[in-house]
1. Filter the range 86-111 for residues that are within 13 Å of the ligand (Cβ to nearest atom) and farther than 20 Å from Ala59 by Cα and give the result.
2. Would a scan of the range 63-82 turn up a residue that is within 8 Å of the ligand (Cβ to nearest atom), in contact with a helix residue (DSSP H, G or I) (Cβ under 6 Å, 6 or more places away or on another chain), aromatic (Phe, Trp, Tyr) and closer than 28 Å to Leu191 by Cβ?
3. Pull up the range 1-20, narrow it to residues that are modelled with pLDDT of 95 or more and among the hydrophobic types (A, V, I, L, M, F, W, C), then point me to the one that is farthest from the ligand (Cβ to nearest atom).
4. Can you run down the residue pairs with Cβ atoms below 6 Å, 6 or more apart or on separate chains, where the first is in the range 80-92 and closer than 19 Å to Asp108 by Cα and the partner is among the hydroxyl-bearing types (Ser, Thr, Tyr)?
5. Filter the range 187-215 down to the residues that are surrounded by 22 or more Cβ atoms within 10 Å (Cβ to Cβ) and among the aromatic types (Phe, Trp, Tyr), then identify the one that is nearest to the ligand (Cβ to nearest atom).
6. Restricting to the range 44-66, what's the tally of residues that are within 15 Å of the chain's Cα centre (by Cα) and assigned to a loop (DSSP other than H, G, I, E, B)?
7. Tell me, yes or no, whether the range 21-43 has at least one residue that is among the β-branched types (Val, Ile, Thr), surrounded by 18 or more Cβ atoms within 10 Å (Cβ to Cβ), within 16 Å of the chain's Cα centre (by Cα) and within 7 Å of the ligand (Cβ to nearest atom).
8. Output the number of residues of the range 124-142 satisfying the condition of being of a type outside the set (Asp, Glu) and touching a Gly at 6+ places or on another chain (Cβ under 7 Å).
Amino acid sequence: MQSRFHVAIIMDGNGRWGQRRGLSRSEGHLAGAEAVRRTVEAAPNFGVTALTLFAFSSANWRRPEGEVNALMALLRDYLLSDGPKLVESGVRLHMLGRRDRLPPELADQVAQVEAASAANAKLTVRIALDYSSREAIAQAAVTLGRAASLDAFDAIIDAGQGCGPVDLMIRTGGEKRLSDFLLWECAYAELWFTERMWPEFEASDLADAVCDFRRRERTFGAVPAAEPCAA
Ligand code: FPP
């Protein structure tokens, strides 16, 4: 089994899940936080070493103020309640995205859990907040300021708002798009989509996605290993 296995998830469908049950969209997000807990706990059992979760895109600021505030409060509460448990269980937490537009209490909470978990190595959990992949790429281009190799781009994106290549990208909620999430890092990612709404996501769904991933042959543009190489 590969030593590094990076899974990224677009956690879509909280709002619809809530509305279909006569609940508010924010209650859907609350149920989504439970699915985050289940997934973080289960991930190491499937060989996952890094898990990157799309919690709030830069485009999500366009949502109604009440929903945005509820999401920010939920994220802060999650870090407050689960931060110490994550640290204790060997999880390293890191945030991707802009910090300057987050509510200060949330930004402080993120920084605290990041600092407390910095030495952990069992699983790296990255939470993308106020994140835009195109912005991260554009920022890297500005930083480089010149024509540069792909390796130089890799390094500079990683040093900024990047997270290294994604192996498996999961999206729940039935949509089949990347929505400005890890566009650079998904260059060779395997994609897995499910109709299930994020609050319904269980460890067994992660198992299905990982099993499917393991069956795929990844050639990164080369030919499959077993095929003779015709010159
Ligand atoms: C997209 O689904 C989801 C979000 C914008 C929020 C994701 C947030 C969580 C899962 C909450 C907790 C996160 C952590 C890290 C504790 P949507 O609400 O747009 O759903 P819809 O497509 O049904 O409208």
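The values are calculated or read from the model by the stated rules, or taken from the named source; none is laboratory data. What you are looking at is a predicted structure, and each value in this text was computed from that prediction instead of being measured. With ideal geometry, Cβ positions are generated from the backbone for all residues, glycine too; neighbour counts draw on all protein chains shown.
1. Across the range 86-111, the qualifying residues are Leu86, Val91, Leu93, His94, Gln109, Val110.
2. Yes, some residue in the range 63-82 is within 8 Å of the ligand (Cβ to nearest atom), in contact with a helix residue (DSSP H, G or I) (Cβ under 6 Å, 6 or more places away or on another chain), aromatic (Phe, Trp, Tyr) and closer than 28 Å to Leu191 by Cβ.
3. Per the stated criteria, the residue is Phe5.
4. Correct list of pairs: Val87/Ser117; Arg92/Ser117; Arg92/Thr124.
5. Step by step, filter the range 187-215, then rank; the result is Trp198.
6. 2
7. Of the range 21-43, the ones among the β-branched types (Val, Ile, Thr) are 36, 39-40.
Subsequent filtering for residues that are surrounded by 18 or more Cβ atoms within 10 Å (Cβ to Cβ) retains 36, 39-40.
Narrowing further to those that are within 16 Å of the chain's Cα centre (by Cα): 36, 39-40.
Adding the requirement that they be within 7 Å of the ligand (Cβ to nearest atom) leaves 36.
Looking through the range 21-43, at least one residue is among the β-branched types (Val, Ile, Thr), surrounded by 18 or more Cβ atoms within 10 Å (Cβ to Cβ), within 16 Å of the chain's Cα centre (by Cα) and within 7 Å of the ligand (Cβ to nearest atom).
8. 6
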